Every structure is written in structure tokens, then in C-alpha cells.
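Data block below; observations after.
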């Protein structure tokens, strides 16, 4: 997938903690094979780290426009998804199968995907990523609902 403005690959911020590290290389290969560039936000090995640190780095790339999406991997995916969703501009989905990823993109305009390395193998991750990356936001009735998700739209934080 090519960027319209710079003819460079669209970017995905990729981050994991120590539990997600074993799946990270496979996920990166899947992303790159689909034509996306990767901003690697760590971690670089299986030494114990705190997942929020890496989730926040990748989400900052999405918020700033450096990346179109974030893909976040921890043991269950739960911690990364919670950390990501602390950012008002991020709509992170935790998906263990493609249908959830597809619906989150189509209906919720999800811009981050969390995967659980202890629950999702490389083959399932490939199917989930493919669904996430190839599904467009449907707009229509969903636009107003998305607007209600952020504090700037009149909903208290």
C-alpha cells in the first residue's frame, strides 16, 4: 500500500513487551509483506519490561501522523489494549480472530490492533492482521458514534 503524498510505504508502529517479543518478528514480516513500512518501538528482546511504555510510544506515532496504525503485542493483548485506549485519539481493538478485527475497522475505525502472543500464533495473527489492514471504515451511521468516543465531542473524560 503506497502513501499518496510521498510514494513511501504507509507506516505501522509496532510495539511489544517481553511476552509479545516471540510473536513480534512474525508480525513484522506479515506487515512488511503486505507492503507497509514499520516503525519499531520495541522491545528488542525478551527481558522483562513494562508494556505501557511501549504502547504509549507506538500510539504517539499514530496520534502524530507518523503511522497510520499501531500493532501492539503482549501476553494476552489486554494490557496493551488498555494502555492504548488511554489515548483519546486511539481506538484499539483486542482481536483473537479476524471477524473482530474486521468489524472494529469497519464500524469503529480502529487505528490500533492488540494481539495476545500467549493466545494467538503466527498463522492466526496473519489472518487477523490481513482483516484489520484490508478493511476500510464504513462511515455512514458509524461516524456520529465515533465522534461520541472522544472527550472533545462533549463527553466528559
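Just so you know, all these numbers are worked out from the coordinates, no wet-lab data involved. On a predicted model such as this, the values are computed, not experimentally measured, just so you know. In this analysis, Cβ positions are derived from the backbone assuming ideal geometry, glycine residues included, and neighbour counts consider all displayed protein chains.
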Binned Cα-Cα distances of the chain, short to long, each 5 Å bin given as a whole percent: 2, 11, 19, 23, 22, 13, 7, 3, 0
Report the paramagnetic label zone for residue 29: residues of the range 105-143 whose backbone N is under 20 Å from a point 7 Å from Cα along the Cα-to-Cβ axis. 115-133
Percent of all alpha-carbon pairs of the range 60-105 at distances over 15 Å, whole number, is 45 percent
Work out how far the C-alpha atoms of the range 81-121 reach from end to end along every principal axis, then list the three figures in whole Å, largest first. 29, 22, 9
Below 8 Å between Cα atoms, with a sequence gap of 6+, how large is the relative contact order for the range 11-153 in percent? 24 percent
Let's test the formula: R0 of 35 Å, r as the Cβ-Cβ distance of residue 123 and residue 145. What FRET efficiency results, to the nearest 0.05? 0.60
Beta bridges per DSSP with both ends in the chain, % antiparallel, nearest 5: 5 percent
With Cα atoms, 0 to 90° folded angle of helix 98-108 axis to the chain main axis: 30 degrees
For the chain, find the longest principal axis of its Cα atoms and tell me its angle to the long axis of helix 21-33, 0 to 90°, nearest 10. 60 degrees
